[in-house]
1. Given a 10 angstrom Cα cut-off, can you work out which residue in Asp161, Asp60, Asp193 is the most mobile in a GNM of the chain?
2. When the dipole is taken about the Cα centre of segment 175-314, and only Lys, Arg (+1) and Asp, Glu (-1) are charged at their Cβ, what size is it in debye, to the nearest 20?
3. Please express the Cα-Cα pair-distance distribution P(r) of segment 35-100 as a list of whole percents, one per 10 Å bin, running from 0 to the bin with the greatest distance.
4. What is the calculated FRET efficiency for Lys21 to Asn132, with r their C-beta to C-beta distance and R₀ = 22 Å, to the nearest 0.05?
5. Relative contact order of the chain: what whole-number percent is it, with Cα pairs under 8 angstrom and at least 6 residues apart?
6. Could you work out how much longer the chain between Lys223 and Lys64 gets when fully extended? Use 0.36 nm per residue separation minus the Cα distance between them, nm to one decimal.
7. Give me the aspartates and glutamates in straight-line cross-link reach of Lys295: C-alpha distance below 16 Å, same-chain residues under 8 apart excluded.
8. Report D for segment 1-144 in µm² per second (integer): Stokes-Einstein, Kirkwood Rh on Cα pairs, 20 °C, 1.002 mPa s.
Amino acid sequence: MNKATAVSPANIAFVKFWGLKNKELILAYNDSISMNLSNCITKTTVEFSPKFKKHQIYLDLFGKGKQLITGKKEGKIVNQLERIKKLAKNNWFAQIYSQTNFPSEAGIAASASAFSALTLAATYALKLKLSNKQLSVLTRLSGSGSACRSVVDGFCCWHKDCATQIAGVNHWPELTDIVAVVDTSTKKVSSFDGHQLALSSPYFKARIEEVNKRARLVTQAIKQKDFKTLGEQAELDALSMHFVMMTSSPALFALSPKSWNIIQSVRSWREQGLQVYFTVDNGPNIHILCLETDKAKILQRLKKMPEVLFTIVNKNCRGARII
Ligand code: PMV
């Protein structure tokens, strides 16, 4: 049977990928470092059959119900399917059903979890035997570069063409990511389009000059479980990326007043003695980084903030896998 189901998490980057050196090959200007998010998951079933007359893709995004997709979104998925079919020397069409359990297109790396789950399920369904490196490379080519990090278990670094592990899933179980969701609507500019604006910022060059050094520092911090360095560098990196975004032309403002309120609160909670930091991707929803010991206190505070619609608590977890 040419059918397989894969699950795969989103990931949060402590050092972020922003700016494409090569948009066909999806190569980044800098290394990026991330951990997987245990409660932000996509589950995808792919079935290939000689009976199907065309690819049919159904998505169920965060409880919106099963919908047949068309247009640009379908195009990206079909491109990845065709790439995989070519590798497997197969000319059948596929039926796909994919469910995402968190808001998609809101800057919580839904495309990373979706394309890593799709790539693993489709390659497995076509009986392709890929190494971890080959799977990461193939996932990167989907167009969502950060997806190549979601195929690795635990903490990883995307360097050049693929992501490799820095530390395993059980290395640092105290480390916690809380997504404070303030807005579930679709982001204004996709990350793929945003990467291409990066170079127009006069500050992009300055970011690139410092970012690989930060990646080395963050790698060390993860290995040594040095939360202070990890948190400080993650904040710095998120601000540096958003500064490049806001000074691109056209400018890209992903953060809303609600996001800034949470950022200010995190900073004041830290002044009050909590060990807490923030990071944020291309969207208004803030990731709060803390240790297990402070988790309950932080959740209590977030609950009292009117701008927070809900929270998603994540630990590190395995990358894409077949179920
Ligand atoms: O992989 P893409 O093209 O979806 O871009 C990801 C961009 C960020 O989420 C903002 C940063 C990152 O490294 O995850």
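Any read-out appearing in this document is the output of simple, stated calculations on the displayed coordinates, not a laboratory observation. What you see is a predicted model; the values in this text were computed from it and never measured. Positions of Cβ are backbone-derived with ideal geometry, glycine not excepted, and every protein chain shown enters the neighbour counts.
1. Residue with maximal mean-square fluctuation among Asp161, Asp60, Asp193: Asp193.
2. It comes to approximately 200 debye.
3. 19, 48, 27, 5
4. Calculated transfer efficiency: 0.45.
5. It rounds to 26 percent for the chain.
6. On the way: separation 159, 0.36 × 159 = 57.24 nm, distance 3.95 nm.
Gain in length upon complete extension: 53.3 nm.
7. Within the straight-line cut-off, Lys295 pairs with Glu174, Asp177.
8. Working: Rh = 15.5 Å.
Roughly 138 µm²/s, to the nearest whole number.
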